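The structure appears right after this line, and notes come after that.
The values are calculated or read from the model by the stated rules, or taken from the named source; none is laboratory data. A quick note: this is a predicted structure, and the numbers were derived from the prediction, not measured. Backbone-built Cβ (ideal geometry, glycine too); neighbour counts: all protein chains shown. When the accessible area is computed, the model is the full protein with side chains, heavy atoms only, and any ligands, DNA or RNA have been set aside. Shrake-Rupley method; radii C 1.70, N 1.55, O 1.52, S 1.80 Å.
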Amino acid sequence: MPLLGQAVAWGLIAGSGLLLGAVAAVSLSGRLPHRVIAGTMSFGGGVLIAQLSVDLMEAAFRRGGPAAATAGFLAGAVVFCSANWRLSRAGARHRNRCGGCVQQPTESQHPGSGRAIALGAVLDGIPESLVIGLSLLGGERTGIGLVAGFFLANIPQGLSSASGMLKARRSTRYIFGVWTGIPVSGGLASGAGLLLLGGAPPAVLATILAFAAGGVLAMLAESMIPEAAEDAQPFTGLFAVLGFLCAFLILKAVD
């Protein structure tokens, strides 16, 4: 399969973890205990931390040196946090919350929040989609490792967010519309990243890779950690360590 086709396919597969989590939430009618969702979010957070520290930033540093890696990483965080701040004001602040102590707003409480939440979900997925597309420039095996890790991290996000959507009285049509659209947009973004940046110099690729990594870490801090840490659920640290270990072993297995 051509690299472009692989990028689109891997982006779809990684994003399908979101849909899988949403299906589980709807199947359980959003009744999954918060402590279970918090544990899965902690696991997903550990997976993302491993992806960032073991693979992405190491690759950016190796390709472009400390200046490119640092500038890209900080820029990615700034851009994500700024966009997330704007969407939060439009009603998407708690888009990944399952509806425990903190709930997503209903459309009547915050008109336009449904659109903002959908856009926020797209924003959360853009950095990882770019990473998948760029990773294929270094070889198929690297892409497989990243896809597996992002797929695992996406399941708890879909599970938690869809549970919160149900409690905010969003329709199943809306829920599945969002979580079907995100994998599709992620696949297209992965393909676009590969297509547009395939001939870029190593320093530019390193900066953009670090930019995406900064966006992923900022997303983790602002969207996933608050849900995982709510009410100081027991053993969340252990679940995060297990997630890190799982992703670390996957990355090393395909290295």
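Laid out as a table, the results:
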| quantity | calculated |
| --- | --- |
| Test for G125: is it open to solvent by 10 Å² or more (accessible area, probe 1.4 Å) and within 30 Å of R62 (Cβ to Cβ) | yes |
| Condition check for G44: small (G, A, S) and in contact with an Asp or Glu (Cβ under 6 Å, 6 or more places away or on another chain) | no |
| Filtered residues of the range 30-41 (kept if open to solvent by 10 Å² or more (accessible area, probe 1.4 Å) and part of a helix (DSSP H, G or I)) | H34, R35, V36, T40 |
| Answer from G139, G181 - the residue that is open to solvent by 10 Å² or more (accessible area, probe 1.4 Å) and modelled with pLDDT under 85 | G139 |
| Residue within the range 37-56 that is of a type outside the set (A, V, I, L, M, F, W, C), more than 24 Å from F244 (Cβ to Cβ) and free of Cβ contacts under 8 Å to residues at least 60 places away in the same chain present | no |
| Every residue from the range 1-29 that is more than 30 Å from R97 (Cβ to Cβ) and open to solvent by 40 Å² or more (accessible area, probe 1.4 Å) | M1, P2, L3, L4, V8 |
| Selection from the range 203-240 of residues that are open to solvent by 50 Å² or more (accessible area, probe 1.4 Å), in contact with a Ser or Thr (Cβ under 9 Å, 6 or more places away or on another chain) and not small (G, A, S) | E222, I225, F235, L238, F239 |
